[in-house]
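Peer 1: This is the structure, below, for whatever I ask next.
The values are calculated or read from the model by the stated rules, or taken from the named source; none is laboratory data. Remember, predicted model here, so these are calculated numbers, not experimental data. Note that each Cβ is placed from the backbone with ideal geometry, even for glycine, and that neighbours are counted across all protein chains shown. To get the accessible areas, we keep the full protein, side chains included, count just its heavy atoms, and leave off ligands, DNA and RNA. Shrake-Rupley method; radii C 1.70, N 1.55, O 1.52, S 1.80 Å.
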Amino acid sequence: MIDHAATSDRLIEAYNAKDFKALSALIDPDIDFAHFNRDFVLTSREALIEVLQGFATSYAPDRRFEPAVRVTVAGDIVVREAWYAGTAAVDLPGFGAAGEAFRLKFCSVMRFNDSGQLVEWKDHG
């Protein structure tokens, strides 16, 4: 049996470390990703990794998820409530002006397949 909460922890650790190889290995090629408050939708691992790499290098290089405030697991779904923080390198509507620190409360809903790969990731906040 796969511990989906632990897998979500590894995914967030890889994200924070900018370890895109490890992150990619944890994500299904046909990921269903959306950040609802930002009107942002992607349907492939390659596109998601490309966006995450760009964000980590150009828009908010110090971006990170802080330790989860609460993690709830129901079957293959993990809900993580955590602060997302960093400093905007450029003007980022909804995050902050260039040079401004941001700290936003996110609720991430993650669904995993039987192999332990992330197949759905929905961010709210």
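Peer 1: If the viscosity is 0.692 mPa s and the temperature 37 °C, what translational diffusion coefficient in µm²/s does Stokes-Einstein give for the chain when Rh comes from Kirkwood over Cα pairs?
Peer 2: Once the numbers are plugged in, D ends up at 224 µm²/s.
Peer 1: What residues have an amide H closer than 5 Å to that of residue 18, excluding those fewer than 5 places away on the same chain, when H is modeled at 1.01 Å from N in the peptide plane?
Peer 2: Those lying under 5 Å, H to H, from residue 18: there are none.
Peer 1: Another question, then. Return one number: the angle in degrees, 0 to 90 and rounded to the nearest 10, between the long axis of the Cα atoms of helix 4-17 and the longest principal axis of the Cα atoms of the chain.
Peer 2: Value to nearest ten degrees: 30.
Peer 1: Could you identify which residue out of 34, 98, 89 has the top mean-square fluctuation in a GNM of the chain using Cα springs shorter than 10 Å?
Peer 2: With Cα springs under 10 Å in the chain, the top fluctuation among 34, 98, 89 is at 98.
Peer 1: First compute the accessible area of the chain with a 1.4 Å probe, then give the percent of it belonging to carbon and sulfur atoms.
Peer 2: 54 percent
Peer 1: Give me the percent of DSSP beta bridges within the range 19-125 that run antiparallel, rounded to the nearest 5.
Peer 2: 85 percent
Peer 1: Mean-square fluctuation check for the chain, GNM, Cα pairs under 10 Å: which of 109, 78, 51 is largest?
Peer 2: Result for the chain, Cα springs under 10 Å: 51 fluctuates most.
Peer 1: Given contacts defined as C-alpha pairs under 8 Å and at least six residues apart, what's the relative contact order of the chain, whole-number percent?
Peer 2: The normalised contact order for the chain reaches 26 percent.
Peer 1: What net charge do the residues around residue 31 carry, taking every other residue with its C-beta under 13 Å from that of residue 31, with Lys and Arg at +1 and Asp and Glu at -1?
Peer 2: Overall, the nearby charge balance is -4.
Peer 1: If contacts are Cα pairs under 8 angstrom and at least 6 residues apart, what is the relative contact order of the range 41-113 in percent?
Peer 2: Reported as a whole number, the value is 26 percent.
Peer 1: Counting Lys and Arg as +1 and Asp and Glu as -1, each charge on the Cβ, what is the dipole of the chain about the Cα centre in debye, to the nearest 20?
Peer 2: Charge dipole, the chain, about its Cα centre: 320 debye, nearest 20.
Peer 1: Determine the sum of side-chain charges near residue 89: Lys and Arg each +1, Asp and Glu each -1, restricted to other residues whose C-beta is under 15 angstrom from that of residue 89.
Peer 2: That sum, taken over residues with Cβ under 15 Å, equals 0.
Peer 1: Out of residues 5 or more away from residue 32 or on other chains, whose amide H comes under 5 Å of its own, with H placed 1.01 Å from N in the peptide plane?
Peer 2: Result for residue 32 returns 120, 121.
Peer 1: If the cut-off is 17 Å between C-alpha atoms, which aspartates and glutamates fall inside it for residue 21, apart from same-chain ones fewer than 8 positions away?
Peer 2: 9, 13, 30, 46, 50
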